[in-house]
1. Please verify whether residue 326 is modelled with pLDDT of 95 or more and closer than 27 Å to residue 424 by Cα, treating the condition exactly as stated.
2. Given 675, 624, which one is buried (at least 16 other Cβ atoms within 10 Å of the Cβ) and outside any strand (DSSP E or B)?
3. I'm checking my understanding of the structure. Among residues of segment 217-248 that are under 32 Å from the mean Cα position of the chain (by Cα) and of a type in the set (Gly, Ala, Ser), which one is surrounded by the most Cβ atoms within 10 Å (Cβ to Cβ)?
4. I'd like to verify a number: residues in segment 159-197 that are over 22 Å from residue 232 (Cβ atoms) and among the hydrophobic types (A, V, I, L, M, F, W, C), how many?
5. What are the residues in segment 407-445 that are open to solvent by less than 10 Å² (accessible area, probe 1.4 Å) and among the hydrophobic types (A, V, I, L, M, F, W, C), if any?
6. Mind checking which residues of segment 226-255 are outside any strand (DSSP E or B) and among the polar types (S, T, N, Q)?
7. Can you pull out the residues in segment 348-405 that are open to solvent by 40 Å² or more (accessible area, probe 1.4 Å), of a type in the set (Lys, Arg), over 13 Å from residue 468 (Cα atoms) and outside any loop (DSSP other than H, G, I, E, B)?
8. Yes or no: residue 450 open to solvent by less than 10 Å² (accessible area, probe 1.4 Å), in contact (Cβ under 8 Å) with a residue 60 or more places away in the chain and touching a helix residue (DSSP H, G or I) at 6+ places or on another chain (Cβ under 9 Å)?
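The values are calculated or read from the model by the stated rules, or taken from the named source; none is laboratory data. None of these values were measured; they are calculated from a predicted model. Glycine gets a Cβ as well: all are built from the backbone with ideal geometry, and neighbour counts include every protein chain shown. Accessible surface areas use protein heavy atoms only, side chains included; no ligands, DNA or RNA. Shrake-Rupley method; radii C 1.70, N 1.55, O 1.52, S 1.80 Å.
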Amino acid sequence: MRTPSYLSFLVFSLIATLVRAQTVYQDKPFWQDYSIKYFGDAANGTLQAVVADRNGAIQLINTRGELLHPHDGQFLYPGTLRPDNTYRFTKDKNLTALGVYEQQLVYLTDKVVFSNAWAGKLFSEHGLPKARFFAGGAGFTFLVSDGASLNLVKDSKSLWKGSLPGDEVVAVLYQPGANQFWVLGKKSLSTLSVTSPKLTNVLAGANFTAFALADGGKKIIVGTTDGYLEYDVVGKKQLGGLQQKLPWTEITAVAEIDGKIWFGSTKGAFARRSDGKFDYYNGERWLPGDEVVQISKGPKNSVLVLTKVGLGQLCFKQMTLHDKAIFFDQQVRSRHIRVGFNSTLSGMEKGNLATGYLDDSDNDGLWTSMYLGGEIFRYAVTKDPEALQNCRESLDAMERLYTITGVPGFPARSFERSGHIKELSDPERWQHSKHPDWDWKSTTSSDEVIGHIFAFGAMAELIPDKDLKSRAITLIDTLMSHIIKNDMYLVDFDGKPTQWGRWNPSYVNAFPTNVGDRKLNSSNIVAMLQTAYHFTKKEKYKRKAFELMQKHGYYANMMRPMSEIGRAPADADEHSKHMSDGWNHSDDEMYFVGYWGLYRYALNDTLKTRYKQQILDHWQAERPEKEGAWNIFTAMTGTKDFDLKEAIWYLQEHPLDLIDWNIQNSHRKDIEKLPENFRRQTTKEVLPPDERPIQRHNGNMFTLDRKGRNGSSEHSAGDIWLLPYWMGRYLGVISGPASGK
């Protein structure tokens, strides 16, 4: 019989286990946004308005009164705007404006308000030959304006006529619950009751440009040339002052769509979130041009953003992270595999995927290692044979990096077919191989090597296939034997150490203690030696790891807090000063990729405990970036707090469009900028991934702008997104899809 004290012990143990347990994100659907773009041309004239009816038909009008509609667009494959001849005889009308009334398309001409809906019975004369604005009220009552005069009409009869004294009308709208119209002038806001028509000025101002009803008709949002203001309809007063903490303040359009306030501006569109911040849609990732003309509700959970040069249909689709992983897997496999490498599609003409080519890179081995790592974790979780085949093909490419050079244990950066060296990046680094059809790239660096060891170690541990496991271990042994044999250097074809493949104490400890490379190289080489020992059990790796840590101070180097890392002192050598002129985000990538072997294959439990402290210290420094991969790597230590929420934010907010578009954020007035600093953190809070430039994990997440790249390349999701997602799945901090997919 169990005693009470024993039961108490069990209860205590269970509680302690629950307290220590890591939080798991349950993968439920979220709203994923993406854009379908339609470009106009000079023949389309100046675009004026866009609307969609209850059937999902989208129609546009230009300032010449011509109707257009979108043609043949889909995500990543832009369409065009074509003349809309669906109703052939509409073109006989002198159209001046386009709108929606009771979810049907309605038109304004120089003579009438009419529609092809309701069997064409709507045909109401308005008497304003220069009419430009209109809005429909109850019972087919319409308020029409030419900018100077206003006419309230029904069935061709005028119910009221008037004007805005000393002002010009810029927009009109109808408030259903109150049965009244609102009239926006350039410097006034007025109401017009339908039951007893009388124009009443309720707000005076300046530079008004656009407006919309919001919050169930309780508020009016008024855009200006320098921000927006809110008017309390019930209290009949302005709420607060002019709101200017916006992505951009020159407002050109306002709309409430499904309870969310949208703004158009001369620098893109943005939607106000529930927390008062904004989702910003800027640049050709989202819009064909940034000067917004109008925003309206589109079909199937979409928002139509009309710009001066085209239409952006912002679509919102329910997806799980697993759905997103499936999408990105197809992106990688269909467009980003070059002889087994995870590669970039380059040379594109303004985002046209059909015009690109698979490019070589200095870091073909590193990007492929990170993609391979993700596929290893995927297979470990799902046992999907497709994932295993992906692993096999990437390992083939990685393995050939070692056999093509002719130097035992020395991997190439990349390889490509011969005869094209002048067309490749860094042509001076390429060498001919013994195979007549192939050349290879030399000068391999430490970031390549640490990536290799990470992927080979994960494969040796998690892939049960005997052939793949054996080959991975052989590659680990071959590489690390080369480094030990060459006195802790990576020695190139010319018998000289490469510029960055250096782990010898004379190099590492020549850096001042506060220079990051001293800590980084120490951490990486110990991780690599531990990985080699773990899988080969060869004592030379274990001995060398302890020698470096104990005799040469690598342990102290590794444990040095990140808070001490900074610029080299004034009396340091020039190389140290150059290497510490600011925070190096490529170093972060090397650290965290290396932490897999450092922590997981620690030589003893004492070291493992200290390594965990090292990793958590580094993670604390990285937290402002909300970097999905680094948060997930940190979860490997079992720590309860690793910013899972921020990791999921990274995965959810990452755009589906990985094309390298021009991006601008430095003009924004809703971000708090910081003075120049060592970490190169530009703002107090990092922007979401879908609002900043596309970049790999070695980029600065606080980069605000990117110019000169407008649609010239597409990045692979293999290392950027799939690695952190599948690692999270393997570590058990991200669940499978709740929908059972």
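1. So residue 326 fails the test.
2. On the way: 675 fails: buried (at least 16 other Cβ atoms within 10 Å of the Cβ).
When all the criteria are applied, what remains is 624.
3. 223
4. Filtering segment 159-197 for residues over 22 Å from residue 232 (Cβ atoms) gives 159-163, 165-166, 168-169, 195-197.
Still in the running and among the hydrophobic types (A, V, I, L, M, F, W, C): 159-160, 169.
Total satisfying the criteria: 3.
5. 410, 412, 415, 440
6. Applying the first criterion (outside any strand (DSSP E or B)) to segment 226-255 yields 226, 233-236, 244-250.
Correct list: 244, 249.
7. Of everything in segment 348-405, just one residue is open to solvent by 40 Å² or more (accessible area, probe 1.4 Å), of a type in the set (Lys, Arg), over 13 Å from residue 468 (Cα atoms) and outside any loop (DSSP other than H, G, I, E, B), namely 400.
8. Values: open to solvent by less than 10 Å² (accessible area, probe 1.4 Å): yes; in contact (Cβ under 8 Å) with a residue 60 or more places away in the chain: yes; touching a helix residue (DSSP H, G or I) at 6+ places or on another chain (Cβ under 9 Å): yes.
Against the criterion (open to solvent by less than 10 Å² (accessible area, probe 1.4 Å), in contact (Cβ under 8 Å) with a residue 60 or more places away in the chain and touching a helix residue (DSSP H, G or I) at 6+ places or on another chain (Cβ under 9 Å)), residue 450 qualifies.
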